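The values are calculated or read from the model by the stated rules, or taken from the named source; none is laboratory data. Remember, predicted model here, so these are calculated numbers, not experimental data. Neighbour counts are summed over all protein chains in view; Cβ atoms, including those assigned to glycine, are modelled from backbone coordinates with ideal geometry. What goes into the accessible areas is simple: the full protein's heavy atoms, side chains included, and nothing from ligands, DNA or RNA. Shrake-Rupley method; radii C 1.70, N 1.55, O 1.52, S 1.80 Å.
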Amino acid sequence: MAAPVTETFRKIAARGGTLSKNDWGNNDFLGVTAKVYKPHSVIGRQDDDNVEIFIVKSGWAILYHGLPDGERQIIDTPLTGDIVGFRSVDGPRLASLASVTELTVYEISSRELVEAILSEGHLGNKIVRSLARLNAILAEHLMNTGRRNAMSRTAHFLLELEERLSMVGLSAHGRYECPLTQCDLADILGMTTVHVNRTLGELRKADLVSFKGGHVQVINRKKLVEIAGFDNEYLR
């Protein structure tokens, strides 16, 4: 039987709250066994009771809010190490979590996680930093859909993915795999799929970035950063 979540957290706190690579690589992490979901599975559904928090171990996911007319707004693309579903009060889920590729996640009881945070200061500090980073990401996404034009918002999002993936060793030299479809990008960027296709074409023709066959290549990062007004400080 796996150790209780709070007991595992105490062991982590005893060594300064640091999660080692071995901790993250194990299938039994924080006393919880990682679950594997097939592509296009719904892991947590909007409006269901928010009794579990998800931590992404590997794979790609989307966090989205369904609208009354059947449309959706993709809020974020949770990646390795991201926390999903943490709320300060009990209540329903505010968004759905679905896998894009095969997705491995740790599903942790909200109640036990809160108890562990309250009892272990080091852990609480790490969680607060993680949630602050998520809040900064969501603020930038709001800026994208509300104020940036099509070229700059698309460039900004592709640069953000590059930065976030590089932090977990999944991007190097401006290259990374991205399984998001143009339909996904449209729901992230608040654009139509036709507009996304045209904008990606314009970025490619300008020799700034290429997005083809699930692979992204940043060609001229300096110019792309300038167009996007991208400052990676919010991701740190």
- prompt: How many residues does the range 87-104 hold that are part of a loop (DSSP other than H, G, I, E, B) and under 24 Å from VAL128 (Cα atoms)?
  reply: 8
- prompt: Under 9 Å by Cβ, and 6 or more places apart or on different chains, what pairs join a residue from the range 74-88 that is assigned by TED's automatic domain parsing to the domain that holds TYR64 with one that is aromatic (Phe, Trp, Tyr) and open to solvent by 10 Å² or more (accessible area, probe 1.4 Å)?
  reply: ILE74/TYR64; ILE75/TYR64; ASP76/TYR64; THR77/TRP60; PRO78/TRP60; LEU79/TRP60; THR80/TRP24; GLY81/TRP24
query: How about the range 158-189: which of its residues are within 18 Å of ARG72 (Cα to Cα) and in contact (Cβ under 8 Å) with a residue 12 or more places away in the chain?
result: LEU180, GLN182, ASP184, LEU185, ASP187, ILE188, LEU189
task: Kindly indicate the residue of the range 87-109 that is at pLDDT below 80 and within 20 Å of the chain's Cα centre (by Cα) and also nearest to GLU52 (Cα to Cα) among those meeting that condition.
output: ARG87
query: Hey, among GLN182, GLN217, which residue is of a type in the set (S, T, N, Q) and in contact with a strand residue (DSSP E or B) (Cβ under 7 Å, 6 or more places away or on another chain)?
result: GLN217
- prompt: For GLU120, are the conditions met, namely being of a type in the set (Asp, Glu), at pLDDT below 95 and open to solvent by less than 60 Å² (accessible area, probe 1.4 Å)?
  reply: yes
- prompt: If you take the residues in the range 146-158 that are open to solvent by 20 Å² or more (accessible area, probe 1.4 Å) and out of contact with any helix residue (DSSP H, G or I) (no Cβ under 7 Å at 6 or more places or on another chain), which one is nearest to HIS40 (Cα to Cα)?
  reply: GLY146
One residue from LEU224, LEU161 being of a type outside the set (D, E, K, R), modelled with pLDDT of 95 or more and in contact with a helix residue (DSSP H, G or I) (Cβ under 7 Å, 6 or more places away or on another chain): LEU224
- line: Filtering the range 184-214 down to residues that are under 20 Å from LEU165 (Cβ atoms), over 18 Å from the mean Cα position of the chain (by Cα) and not in a helix (DSSP H, G or I) yields LEU208, VAL209, SER210, PHE211, LYS212, GLY213
Residue count for the range 167-188, restricted to those that are under 21 Å from LYS38 (Cα atoms) and out of contact with any helix residue (DSSP H, G or I) (no Cβ under 8 Å at 6 or more places or on another chain): 5
Pick from the range 35-55, criterion among the acidic types (Asp, Glu) and closer than 24 Å to PRO68 by Cα, ranking: least open to solvent (accessible area, probe 1.4 Å): ASP48
